[in-house]
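Undergrad: Just passing along the structure, written as structure tokens.
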Amino acid sequence: MKKAEHSQLSESEIIRLARKETAYFGLLYERYFDQIFRFVFMRLGGMEDQAGDLTQQCFIKAMANIDKYEDRGFPFSSWLYRIAQNEVSMYFRQQKKTHHVPVDEGRISELAEEADLGTYMSIDEQERLIEMINELEQEQLDLIELRFFQQLSFKEIAEIYNITEANAKMRTYRILERIAKKWKD
């Protein structure tokens, strides 16, 4: 099959072919590598070499376990995000490091507005909010990062954590409520 013909294949067709012949997994790799690398890179706070290694590990595990992948109506990338999330968590456990979310200041105002903290924040207030975010427990930090900084939908977050969309939304808004309460104290 020529490269032009590969672009005509749907994701489910590529997955079906990759289960039979690993060479087709390369199409999934090409399609999702940058997206997963950015996710891992952000989670690691910009450590490029480690991000590359963990992203490679993610794809190796995905290729080795492609037969276990189930299409549940979510993009294949949701499964890759879950694997990448596990790889990053394992890395931090092994390194015994804590993770701080690098924050895009354009997104911090979106988070502040969603947490009902106001639409305009001074630089000092933004820094205070960033500190509060970085003090969250790891799973809470992950949810906030995925929703506001990776801009994933609740449906995609639910697939990563293998929970319902309503549960993903509820968990995220409970975290925002805690942030708002702490903000006011």
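Here, each number is a calculation from the coordinates, and none is a lab measurement. Note that the coordinates shown come from a computational prediction; the quantities given were computed from them, not determined experimentally. A quick note on method: Cβ atoms are made from the backbone with ideal geometry, for glycine too, and the neighbour counts reach across all protein chains shown.
Undergrad: Just want the ordering: ILE179, ILE130, from fewest to most Cβ atoms lying within 10 Å of their own Cβ.
TA: Going from least to most buried by this count: ILE130, ILE179.
Undergrad: Gain in length, ASP34 to GLU11, computed as 0.36 nm per residue apart minus the alpha-carbon separation, to one decimal in nm?
TA: 6.6 nm
Undergrad: Here's another thing I want to ask about it. Within segment 49-68, list the residues whose amide N lies under 16 Å from a label point set 7 Å along Cα→Cβ of ASN162.
TA: Zone members listed by number: 62, 65-68.
Undergrad: Then there is this: Count neighbours as other Cβ atoms within 10 Å of each site's Cβ, and list the GluC sites (Glu not before Pro) in segment 1-79 that are DSSP loop with at most 14 such neighbours. Numbers along the way, then the final one.
TA: On the way: sites: GLU5, GLU11, GLU13, GLU21, GLU30, GLU48, GLU70; in loops: GLU21, GLU70.
When the GluC sites (Glu not before Pro) of segment 1-79 are filtered for loop state and at most 14 Cβ neighbours within 10 Å, GLU21, GLU70 remain.
Undergrad: Of ILE144, ILE123, ILE60, ILE83, how do they rank once you tally other Cβ atoms within 10 Å and put the fewest first?
TA: Ascending number of Cβ neighbours within 10 Å: ILE123, ILE60, ILE83, ILE144.
Undergrad: MET63 to ALA23: extension gain in nm, 0.36 nm per residue of separation minus the Cα-Cα distance?
TA: Extending this stretch completely gives an extra 13.4 nm.
Undergrad: Can you show me the helix-derived [θ] at 222 nm for the chain, built from DSSP H runs with n ≥ 4 at -39,500 (n - 2.57) apiece and divided by the number of residues, rounded to the nearest 500.
TA: Only helices count here, giving -21500 deg cm²/dmol.
Undergrad: Here's a follow-up. Relative to the first principal axis of the alpha-carbon coordinates of the chain, what is the inclination of helix 105-114, with its axis defined by its Cα atoms, in degrees from 0 to 90 and to the nearest 10?
TA: That helix lies at roughly 70 degrees to the long axis.
Undergrad: Let me ask something else about it. Most exposed first by the Cβ proxy, i.e. fewest other Cβ within 10 Å, how do TYR29, TYR81 rank?
TA: In order of increasing Cβ crowding within 10 Å: TYR29, TYR81.
Undergrad: Pop a pseudo-label 7 angstrom from the Cα along the beta-carbon direction at both MET170 and TYR120 and give the gap in nm to one decimal.
TA: 3.8 nm
Undergrad: Moving to a separate point now. Where the only charges are on Cβ atoms (+1 Lys, Arg; -1 Asp, Glu), what is the dipole of the chain about its Cα centre, to the nearest 20 debye?
TA: 660 debye
Undergrad: For LYS182 and ARG72, what is the calculated FRET efficiency with R₀ set at 30 Å and r taken between the beta-carbons, to the nearest 0.05?
TA: Efficiency, rounded to the nearest 0.05: 0.25.
Undergrad: Between ASN167, ASN86, ASN65, find the one with the highest GNM mean-square fluctuation for the chain; connect C-alpha pairs within less than 10 Å.
TA: ASN65
Undergrad: In addition: Averaged over every viewing direction, what's the projected area of the C-alpha convex hull for segment 3-95? Give it in nm², one decimal, please.
TA: 6.2 nm²
Undergrad: Quick check for me: using +1 on Lys/Arg Cβ and -1 on Asp/Glu Cβ, what's the dipole size of segment 75-185 about its Cα centre, in debye to the nearest 20?
TA: Result for segment 75-185 is approximately 460 debye, rounded to the nearest 20.
Undergrad: If you line up the long axis of helix 11-20 against the longest principal axis of the chain, both from Cα atoms, how many degrees apart are they, to the nearest 10?
TA: Orientation of helix 11-20: about 50 degrees from the principal axis.
Undergrad: What are the ³J(HN,Hα) values, in whole Hz, obtained from phi via the Karplus relation 6.51 cos²θ - 1.76 cosθ + 1.60 with θ = phi - 60°, for each residue of segment 84-93 in sequence order, with x given for Gly and Pro?
TA: So the J values, rounded to whole Hz, are 4, 4, 5, 5, 5, 4, 5, 4, 5, 4.
Undergrad: Now for a different question. Taking the Cα centre of segment 3-95 as origin, sum charge times position over the Cβ atoms of Lys and Arg (+1) and Asp and Glu (-1), and report the length of that vector in debye to the nearest 20.
TA: That gives a dipole near 260 debye.
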